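Values quoted throughout were computed directly from the atomic coordinates according to the rules given, and no laboratory measurement underlies them. These figures come from a predicted structure and were not determined experimentally. Here the Cβ is made from the backbone with ideal geometry for all residues, glycine too, and neighbour counts use every protein chain on show.
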Amino acid sequence: MYISSTTPILTNCTFAGNTARGYGGGLYCLQASPTLTNCTFTGNFSDDGGGGMCNDLYSYPTLVNCTFTNNSADTGGGMHDLNFSTPSLADCTFAGNLARSGGGGMSNDESSSPTLTDCTFENNSAVFNGGGMYNLEGSSPILANCAFVSNSAVFSGGGMYNYDRSEPTLDNCTFTRNSAGNG
């Protein structure tokens, strides 16, 4: 599904088994601010970023009680945020997502800084960096009461990897049993 410059409300929706040759296998938001409640993203694929969902160019989605499972992409297996996009997530779960490059669960790029509250990243993996989350190029997410459990990366940052001016803020977050080949 492609959403551009809109503010739709999506409740109890399922995005399953979709494929994109670009961004956003399940959902692609371009300058959009949708509200998603009780939505599921599962088994979606993207050649570029955001197997489940991609937020691009000043997108500000709100997600409550959404689940991202078994999605895959080059970056951001579950979700990819780029170009100053700032989603707000509460009670969301990222589980079993895969990124060929970085951010198995979520990737934040180019000054994209989401706010996450009570979210769980579990059993996500990345071939390179950031099994749970990958933050780069000035992306500084704010996380409160989030858990990173059993995520893995072949190179660095099993739970989270931060690069190039990225400075996340973490409050009462837990990192357990995450692993990476280089630490």
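Mind checking the dipole of the chain: about its Cα centre, +1 per Lys or Arg Cβ, -1 per Asp or Glu Cβ, Debye to the nearest 20?
Working: 4 positive and 14 negative charges, 66 e Å.
Charge dipole, the chain, about its Cα centre: 320 debye, nearest 20.
Dividing the convex hull volume of the alpha-carbon atoms in the range 109-181 by its residue count gives 64 Å³ per residue. Dimensions of the range 72-160 along the principal axes, based on C-alpha atoms and rounded to the nearest Å, stand at 27, 24, 19, largest first.
Summarised in one figure, the compactness ratio Rg/Rh of the range 1-40, Cα atoms and Kirkwood Rh, is 0.96.
Quick one: go through the range 46-76 and flag any residue whose amide nitrogen is under 17 Å from the point 7 Å out along the Cα-to-Cβ line of Asn145. Inside the label zone: 63-66. Largest first and in whole Å, the equivalent-ellipsoid semi-axes of the range 1-144 read 18, 16, 15, each the square root of five times a Cα gyration tensor eigenvalue. Backbone N atoms of the range 36-59 closer than 14 Å to the 7 Å Cα→Cβ label point of Ile9 belong to residues 36-38.
Remark on Thr40: its backbone amide H falls under 5 Å from those of Cys13, Thr14, Phe15, Thr67, a criterion applied only to residues 5 or more positions apart or on other chains, H modelled at 1.01 Å from N.
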